[in-house]
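Worksheet: the structure to be examined is printed underneath.
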Amino acid sequence: SVIAAQMAVEDYGGKVKGDWPDGSGSWDRLGAPVTDVEQVLAANEASGRPTAVDEVLADIDGERAAGRVVVLGGDFNEPSAQDWTAEAADLFDHNGVVIQWQTTQKLLDAGLVDTYREIHPDPVANPGFTWPSDNEGFATTKLTWAPEADGRDRIDYIFALPDDRLTIDSSTVVGPRSSIVRNERVVDDSADEILTPQAPWPTDHKAVLTRFSITGP
């Protein structure tokens with residue numbers, strides 16, 4: 001599954017690969033959260049995402065060498081290494097676990113900046129959740145794979161490569177103010193600013209809006 005490793009920490013299966021407890025090949029409860037960080041990271045590695053980002057970084061190296069401004073955005077289906085910190089370990093069903101999720105860590109190690117975390121550095125005050133977003137057009141059971149857990153996380157990003165020509169002016173979440181927590185619609189009570197369009201929201205993710213200033217050639 002796309003985020004099976006995260007779900008395992010929250011006591012859910014999700015078709016994870018490798019030597020896992022009974023139930024991990026389904027979407028059911030496991031019976032206990034998986035808190036072995038090496039086991040969680042191994043399952044995440046098996047998803048293919050950390051390997052896939054190596055190809056992205058190779059392309060970024062080419063863009064950097066050509067003197068171009070680099071901005072990378074998308075739904076990564078993986079939490080951030082900057083969010084599962086010691087300060088957040090007992091929140092949001094992290095179950096005491098601190099994890100340097102590989103994909104975002106590789107991007108950070110390569111020198112890219114997570115624009116949302118650059119503007120909002122505190123993952124407790126500004127968690128910036130993008131999933132599972134509320135969507136009034138669907139039942140809550142259609143919006144989350146872990147209905148008895150608090151699976152809120154930030155898995156949608158806009159990264160940028162630092163450049164003298166590029167300034168990060170602001171970054172905010174866009175979408176409904178509520179998320180799905182334990183199968184209920186819960187209105188966000190963090191310090192996050194959430195821009196909510198008037199039109200019906202089309203997805204189970206919130207979006208990220210980062211504003212840049214670009215100067216020079």
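Can you name every residue in the stretch 186-200 that is open to solvent by 40 Å² or more (accessible area, probe 1.4 Å), touching a residue at least 60 places away in the same chain (Cβ under 8 Å) and under 21 Å from residue 123 (Cβ atoms)?
Passing the criteria: only 191.
Of the residues 118, 148, which single one is assigned to a helix (DSSP H, G or I), on the phi < 0 side of the Ramachandran plot and in contact with a strand residue (DSSP E or B) (Cβ under 8 Å, 6 or more places away or on another chain)?
118
Kindly indicate whether any position in the stretch 66-77 is surrounded by 19 or more Cβ atoms within 10 Å (Cβ to Cβ) and either among the acidic types (Asp, Glu) or closer than 24 Å to residue 188 by Cβ (or both).
Looking through the stretch 66-77, at least one residue is surrounded by 19 or more Cβ atoms within 10 Å (Cβ to Cβ) and either among the acidic types (Asp, Glu) or closer than 24 Å to residue 188 by Cβ (or both).
Limited to the stretch 201-210, what total is found for residues that are assigned to a strand (DSSP E or B) and either touching a residue at least 60 places away in the same chain (Cβ under 8 Å) or more than 23 Å from residue 117 (Cα to Cα) (or both)?
Within the stretch 201-210, residues that are assigned to a strand (DSSP E or B) and either touching a residue at least 60 places away in the same chain (Cβ under 8 Å) or more than 23 Å from residue 117 (Cα to Cα) (or both) number 3.
Can you say whether residue 176 is closer than 16 Å to residue 118 by Cβ, modelled with pLDDT of 95 or more, in a loop (DSSP other than H, G, I, E, B) and open to solvent by 10 Å² or more (accessible area, probe 1.4 Å), as far as the supplied structure shows?
no
Considering only residues that are assigned to a loop (DSSP other than H, G, I, E, B) and within 19 Å of the chain's Cα centre (by Cα), look in the stretch 179-200 and name the one that is farthest from residue 142 (Cα to Cα).
By that ranking, first place goes to 191.
Check whether at least one residue in the stretch 160-170 is out of contact with any strand residue (DSSP E or B) (no Cβ under 8 Å at 6 or more places or on another chain), in contact (Cβ under 8 Å) with a residue 60 or more places away in the chain, closer than 21 Å to residue 56 by Cβ and assigned to a loop (DSSP other than H, G, I, E, B), and report yes or no.
Yes, the stretch 160-170 contains a residue that is out of contact with any strand residue (DSSP E or B) (no Cβ under 8 Å at 6 or more places or on another chain), in contact (Cβ under 8 Å) with a residue 60 or more places away in the chain, closer than 21 Å to residue 56 by Cβ and assigned to a loop (DSSP other than H, G, I, E, B).
Hey, residue 125 hits all of (1) of a type outside the set (Asp, Glu); (2) open to solvent by less than 10 Å² (accessible area, probe 1.4 Å); (3) within 15 Å of residue 83 (Cβ to Cβ) but one; which does it fall short on?
Only one criterion is unmet by residue 125, namely (2).
The values are calculated or read from the model by the stated rules, or taken from the named source; none is laboratory data. Predicted model, so just to flag it, every value in this text is computed and none were measured. Note: ideal-geometry Cβ built from the backbone for every residue, glycine included; neighbour counts use all protein chains shown. Each accessible area value is taken on the protein alone, full model and side chains, heavy atoms only, with ligands, DNA and RNA left out. Shrake-Rupley method; radii C 1.70, N 1.55, O 1.52, S 1.80 Å.
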